[in-house]
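Undergrad: Dropping the structure in here first, questions after.
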Amino acid sequence: MAAVPTTPEVYGRRLLAADAPPQHAVQFYEDEAQLIDVVAAHFESALARGEACVGIATAPHRTALLGRIGVHERLILLDADATLAMFITDGRPDRERFRATVAPVIRDAAARGSAVRAFGEMVDRLCRVGRRDSALELERLWNDLAGELSFTLVCGYALDSFRSDADRAAFEDVCASHSHVVPAAGVELALEDDAHIRQISLLQQRTRALETEIAERRRVEEDLRRALRVRDDFISLASHELRTPLAILHLQAQSLQRAPGDIVEKTGRIARTAHRITSLIDQLFDVARLDHERLELERRDVDLDVITRDVVGHFEEELERFECPLTLTSESVVGSWDPIRVGLVVSNLLANAIKYGRRAPIEIAVSSDGSHGVLSVRDHGIGIAAEDHGRIFQRFERAAPSENYGGLGLGLWITRAIVEQHGGMIAVESAPGEGALFTVRLPC
Ligand code: ADP
């Protein structure tokens with residue numbers, strides 16, 4: 001027992017390059033260089049003593065070892081994944097096939113040198129794909145084989161394979177199945193005492209797990225912060241959006257008070273504005289919910305023609321105010337759809353056609369292609385650049401300058417969600433200055 005503080009690198013080299021290396025050691029590592037350094041020192045000292053070496057390693061590690069040691073007649077290097085594939089069935093090692101694969105290699109090495117020193121990382125390959133149980137089984141198979149054939153073995157494990165707290169038991173099992181443990185670099189070993197070094201290794205795994213947890217918490221915290229920012233933006237935008245139709249409603253009510261004569265016409269206008277506010281609020285509810293759950297559709301047999309005409313009726317004032325001529329070509333097409341949500345789709349597309357349409361004519365068409373109801377809304381306004389065609393369907397994404405056009409950047413996002421939830425699709429054809437054509441297809 002040496003009482004001088006040392007490092008895992010020094011300890012590993014001294015342990016493995018000794019004349020009589022341990023029967024079955026494990027080398028943990030974070031830095032590939034540490035692994036290569038220790039294994040190369042191990043092999044070089046063995047080759048110098050006239051012993052043979054077997055390395056069952058990944059391609060980069062074989063290349064690095066060859067770079068350090070060079071080709072040697074007593075050095076056998078095999079690919080870890082290809083060797084594993086010879087005896088793994090359904091992710092588990094098969095005892096007989098393991099023996100049939102590995103024993104001849106050890107015998108071949110024994111025939112070449114006075115003793116056999118093996119290094120393997122097939123176990124780590126299994127851990128990396130989440131098969132820790134299989135890795136431990138493979139460790140047992142190696143231990144069994146060592147009872148029959150004479151060789152020593154060093155297993156290389158990336159510390160990263162045990163990066164979460166849930167990996168603690170597996171890490172302890174791996175340590176327990178080896179006669180010696182060499183920790184990854186970055187810690188100080190006060191004593192070269194096996195029990196002490198095992199304790200240090202366990203602490204190293206816990207530190208790694210804590211680092212992972214801290215990083216995960218930071219990520220969650222950042223996500224929460226972003227979500228809060230998005231919500232704050234959304235609330236201020238939403239209140240701004242609601243203010244406009246409420247102001248119109250207020251003016252309409254005042255006008256009714258001043259001149260109650262036109263009561264039928266004026267209350268009709270008030271009702272339509274109130275309807276627009278209601279559908280804006282419906283939409284805000286959907287937006288809030290869509291963040292963490294799917295929309296619950298309330299499907300029943302409805303006619304897309306009826307829904308579209310109804311929505312167009314509610315836009316009468318707006319069309320008049322914007323002096324937008326609208327042509328509606330519509331035929332009856334019945335499907336099992338959620339009428340309120342499909343109404344929102346029509347309403348969002350028409351509202352955009354008016355808003356971005358530069359007072360040019362708008363054409364709406366409803367038809368059937370046999371299996372789908374097809375709705376198209378065409379305007380001749382500012383248009384959309386090709387690179388924005390995908391983006392505008394994302395949440396809060398806007399392509400028009402906000403100083404000229406108000407909006408939440410939510411209408412198309414929710415429109416697409418509604419359409420897709422119905423099993424349908426929405427597409428846009430447009431170019432800047434050439435207007436836009438939005439086509440929605442809903443399966444009947
Ligand atoms: P909003 O109109 O509130 O910004 P939308 O989600 O409805 O949000 O639309 C997203 C963006 O897509 C708009 O900001 C605009 O840039 C673009 N857009 C949508 N419809 C049209 C259209 N008919 N013509 C031109 N641009 C449009």
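Laboratory data are not the source of any read-out in this text; all were calculated from the coordinates shown. Note that the structure is predicted; figures quoted are calculated from it, not measured. We place every Cβ from the backbone using ideal geometry, glycine too, and count neighbours over all the protein chains shown.
Undergrad: Compute the length gained on full extension between R168 and Q394: take 0.36 nm times their separation in residues and subtract their Cα-Cα distance, giving the result in nm to one decimal. Could you put the intermediate results ahead of the total?
TA: Working: separation 226, 0.36 × 226 = 81.36 nm, distance 4.12 nm.
Taking R168 through Q394 to full extension adds about 77.2 nm, to one decimal.
Undergrad: Can you compute 3J(HN,Hα) from phi for each residue in the range 151-161, using the Karplus curve 6.51 cos²θ - 1.76 cosθ + 1.60 with θ = phi - 60°, rounded to whole Hz and x for Gly and Pro?
TA: 6, 10, 9, 10, 9, x, 10, 6, 4, 4, 5
Undergrad: Hull surface divided by four, with the convex hull built on the Cα atoms of the range 295-444: how many nm²?
TA: 8.1
Undergrad: Moving on to the next point. Which residues does a label at V334 reach in the range 346-376, if reach means a backbone N under 18 Å from a point 7 Å past the Cα toward the Cβ?
TA: Answer for this model: 367-374.
Undergrad: On to the next question. Using r as the Cβ-Cβ distance of A103 and E420, and R0 as 60 Å, what FRET efficiency do you calculate, to the nearest 0.05?
TA: About 0.55, to the nearest 0.05.
Undergrad: Calculated from DSSP H runs of 4 or more alone, at -39500 (n - 2.57) each and per residue, what is the 222 nm mean residue ellipticity of the chain, nearest 500? Could you put the intermediate results ahead of the total?
TA: Working: 14 runs with 232 residues, N = 444.
Calculated at 222 nm, the ellipticity per residue is -17500 deg cm²/dmol.
Undergrad: Within the range 251-353, list the trypsin sites (Lys or Arg not before Pro) lying in a DSSP loop whose Cβ has at most 10 other Cβ atoms in a 10 Å radius.
TA: Values: sites: R258, K266, R269, R272, R276, R289, R294, R299, R300, R309, R321, R341; in loops: R294, R299.
Sparse-neighbourhood loop trypsin sites (Lys or Arg not before Pro): R294.
Undergrad: Express the C-alpha Rg of the chain as a ratio against the empirical globular expectation 2.2 N^0.38 Å, rounded to two decimals.
TA: For the chain, the normalised Cα radius of gyration is 1.60.
Undergrad: Separation between the A271 and D94 pseudo-spin-labels, each 7 Å from Cα along Cα→Cβ, expressed in nm?
TA: Each label point lies 7 Å from its Cα, and together they span 7.8 nm.
Undergrad: For the range 44-115 and the range 231-299, what is the centre-to-centre distance using only Cα atoms, to the nearest Å?
TA: Cα centroid to Cα centroid, the span is 74 Å.
Undergrad: I need the shape label for the range 351-428. Rule: rounded when a/c is under 1.5, else prolate if a/b > b/c, else oblate, with a, b, c from the alpha carbon gyration tensor.
TA: In terms of gyration-tensor shape, oblate.
Undergrad: Per 0.36 nm of contour for each residue apart, how much would the distance between Q199 and F285 grow if the chain were fully extended, relative to their Cα-Cα spacing?
TA: Full-extension gain reported as 25.5 nm.
Undergrad: Distance from the Cα centre of the range 156-181 to that of the range 128-148, in angstrom?
TA: Comparing the Cα centres of the range 156-181 and the range 128-148, I get a distance of 13 Å.
Undergrad: Let me know the shape class of the range 247-297, please: from the alpha-carbon gyration tensor, a ≥ b ≥ c as square roots of the eigenvalues, rounded when a/c is under 1.5, otherwise prolate if a/b is greater than b/c, or oblate. Write out the running numbers ahead of the final one.
TA: On the way: a/c = 8.36, a/b = 3.41, b/c = 2.45.
The shape class here is prolate.
Undergrad: So if we plug the beta-carbon distance of V129 and D262 into 1/(1 + (r/R0)^6) with R0 = 60 Å, what FRET efficiency do we get, rounded to 0.05?
TA: Calculated transfer efficiency: 0.20.
Undergrad: Mind listing which chymotrypsin sites (Phe, Trp or Tyr not before Pro) in the range 303-379 are in a DSSP loop and have 11 or fewer other Cβ atoms within 10 Å?
TA: Listed in order of number, the matching sites amount to none.
Undergrad: So how much slack lies between V10 and R359, counting 0.36 nm per residue of separation and subtracting their Cα-Cα distance, in nm?
TA: 117.7 nm
Undergrad: For a quick check of your reading of the filter: which GluC sites (Glu not before Pro) in the range 150-202 sit in a DSSP loop and have no more than 13 other Cβ atoms within 10 Å?
TA: The qualifying sites are E188.
Undergrad: Say each of H250 and R300 gets a label point 7 Å from the Cα, pointing the same way as Cα to Cβ; how far apart are those two points in nm?
TA: A separation of 3.7 nm, rounded to one decimal place.
Undergrad: Moving on. For E211 paired with E32, estimate the spin-label separation in nm (one decimal), with each label point 7 Å from Cα along the Cα-to-Cβ line.
TA: For E211 paired with E32, the spin-label model returns 1.8 nm.
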